Amino acid sequence: MAWYQREIFLPAKKRGFHLITNEILHNLPELKNIKTGILNVFIKHTSASLTINENADPSVRSDMEEFISRTIPDSISYFKHNYEGAEDMPSHIKSSLLGASLNIPVNNGQLCLGTWQGIYLCEHRNYGGSRKLVLTLWGE
Amino acid sequence: MAWYQREIFLPAKKRGFHLITNEILHNLPELKNIKTGILNVFIKHTSASLTINENADPSVRSDMEEFISRTIPDSISYFKHNYEGAEDMPSHIKSSLLGASLNIPVNNGQLCLGTWQGIYLCEHRNYGGSRKLVLTLWGE
Amino acid sequence: MAWYQREIFLPAKKRGFHLITNEILHNLPELKNIKTGILNVFIKHTSASLTINENADPSVRSDMEEFISRTIPDSISYFKHNYEGAEDMPSHIKSSLLGASLNIPVNNGQLCLGTWQGIYLCEHRNYGGSRKLVLTLWGE
């Protein structure tokens with residue numbers, strides 16, 4: 001059994017959905033050592049989140065942002081938690097619906113992602129700044 | 001420590017929510033060897049997803065499909081990503097909201113599911129075809 | 001490698017979102033033994049769920065309840081599954097959207113939560129009663 005754990009910083013990204021598979025892999029050279037295992041990717045924030053979705057067409061990411069921000073709009077008047085701006089509370093809701101962590105199987109030194117799957121950082125703030133992730137990889 | 005990992009194919013299911021607990025267990029004879037562990041179930045697609053919900057009344061599954069397809073309807077006009085039909089982009093959104101993997105504790109050779117919990121395949125496409133899952137089981 | 005697994009009961013909470021980080025930690029004295037690992041928190045119910053969100057301002061929890069119960073209201077007339085009251089089927093939907101388990105990295109005997117992250121129990125029933133969780137901790 002081997003364990004690898006590392007905290008990484010992703011540079012600030014604009015509000016929306018961003019493909020980060022390569023940024024993750026770049027920070028995980030030990031992946032090739034694992035024959036069978038799991039990678040946990042965890043985001044240490046409550047106004048950004050992680051998901052897996054289509055890795056090819058950028059319009060999936062822009063349609064996703066459009067839909068989620070129309071469904072959970074910045075302008076909801078009954079929110080009490082709005083100290084950090086109109087997208088403060090909507091960001092918290094989006095992050096709970098999408099989730100703070102991913103658990104991806106590893107086989108023969110590679111992530112077992114489907115052909116069309118990629119890892120997304122979902123940035124819900126207008127100016128979220130750099131984001132901290134914890135990568136934990138374990139297996140044999 | 002033991003690790004078991006297997007890719008399985010579920011036969012095509014119609015659009016909607018389907019109970020697949022037995023299909024998972026049927027493909028996991030090694031479960032009985034694990035005293036304490038975790039099962040990760042991962043779907044290698046971005047237009048179908050996995051969730052845990054009520055295992056008894058089929059109307060939970062049909063109400064779920066009705067609600068989610070009214071909330072994320074096939075007919076949204078502003079979507080750009082619609083190459084594969086009206087339910088293409090809605091399928092991607094549903095799959096991110098429901099999630100691509102489950103992590104279920106294992107105790108004494110059995111999944112620690114509650115009395116009313118079952119594993120669902122959520123098929124978001126009208127004709128999604130066969131679906132690939134990766135089952136990864138580890139423990140002692 | 002060490003494994004710890006325990007079923008715990010949380011006392012009944014009213015409908016809404018509740019911070020339970022301390023209840024989890026109180027039931028997990030072995031956490032200090034783990035240098036690198038993962039904690040899986042699993043809820044054995046289909047009308048309550050788990051999420052990670054902001055741990056400081058209670059209005060995040062009340063705004064979350066307000067938003068989710070307006071978006072998935074008790075009064076939807078087309079639901080067939082309503083044997084246990086108007087919030088029966090909405091509870092199932094909320095639980096699938098928020099999820100039944102969390103996977104949190106562990107480092108140097110502590111959960112790797114961000115400064116503002118806490119663990120929430122999401123109680124979707126009006127009178128849900130006591131809730132069973134399974135805590136599974138593994139690592140080295």
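When chain B is treated as a Gaussian network with alpha carbon springs shorter than 10 Å, the biggest mean-square fluctuation among B:Asn22, B:Asn40, B:Asn53 belongs to B:Asn22. Position C:Pro58: other-copy label points at 4.6, 4.6 nm, ordered by increasing distance, label point 7 Å along Cα→C-beta.
Exposure proxy ranking for A:Ile52, B:Ile119, based on other Cβ atoms within 10 angstrom of each Cβ and starting from the fewest, stands as B:Ile119, A:Ile52.
Among the trypsin sites (Lys or Arg not before Pro) in the stretch C:18-97, those located in a DSSP loop and surrounded by at most 14 other Cβ atoms within 10 Å of their own Cβ are C:Lys35, C:Lys80.
This model, with +1 at the C-beta of Lys and Arg and -1 at the C-beta of Asp and Glu, gives chain C a dipole about its Cα centre of some 260 debye.
In whole percent, what relative contact order does the stretch B:31-140 give with Cα contacts below 8 Å and a gap of six or more residues?
Working: 193 pairs, mean separation 61.2, N = 110.
So the answer I get is 56 percent.
Result for chain C in a Gaussian network model with C-alpha springs under 10 Å: among C:Val60, C:Val106, C:Val41, the largest mean-square fluctuation is at C:Val60. GNM remark for chain C: springs join alpha carbons under 10 Å apart, and the peak mean-square fluctuation among C:Thr115, C:Thr51, C:Thr21 falls on C:Thr115. Taken along the Cα-to-beta-carbon direction at a fixed 7 Å, the label points for B:Asp57 and B:His26 span 2.7 nm. Listed cross-link partners A:Lys80/C:Lys14; B:Lys44/C:Lys13; B:Lys94/C:Lys132; A:Lys44/C:Lys13; A:Lys80/C:Lys94 are compared with a 30 Å cut-off, the Cα-Cα value being larger for B:Lys44/C:Lys13.
List B:Ser101, C:Ser130, A:Ser69 from most exposed to least, where exposure is judged by having the fewest other Cβ atoms within 10 Å.
Exposure proxy ranking, most exposed first: C:Ser130, A:Ser69, B:Ser101.
Sorted fewest first by neighbouring Cβ atoms within 10 angstrom, C:Asp74, C:Asp63 come out as C:Asp74, C:Asp63. Using just its DSSP H runs of length 4 or more, each adding -39500 (n - 2.57), chain A gives a mean residue ellipticity at 222 nm of -6500 deg cm²/dmol after division by all residues.
Please give the helix B:88-98 orientation as an angle from the longest Cα principal axis of chain B, in degrees from 0 to 90, rounded to the nearest 10. For B:88-98 against chain B, the angle is about 40 degrees. Inter-copy label distances at C:Thr21, shortest first and taken from points set 7 Å along Cα to Cβ: 3.4, 3.4 nm.
The angle between the Cα long axis of helix C:58-71 and the longest principal axis of the Cα atoms of chain C comes to about 40 degrees, rounded to the nearest 10. Using the Cβ-Cβ distance between A:Asn107 and A:Ser130 with R0 = 35 Å, the FRET efficiency computed as 1/(1 + (r/R0)^6) comes to roughly 0.65. With the convex hull of its Cα atoms as the shape, chain C has an orientation-averaged projected area of 8.3 nm². Each other copy holds its own label point for A:Ser75; taking that point as 7 Å from Cα along Cα to Cβ, the gaps run 2.3, 2.3 nm, nearest first. For the stretch B:54-111, the set of GluC sites (Glu not before Pro) satisfying both a DSSP loop assignment and a count of at most 14 other C-beta atoms within 10 Å is given as B:Glu84.
Laboratory data are not the source of any read-out in this text; all were calculated from the coordinates shown. Keep in mind the model is a prediction, meaning the values are calculated, not measured. Cβ sites come from the backbone with ideal geometry, for glycine too, and all protein chains shown count toward neighbours.
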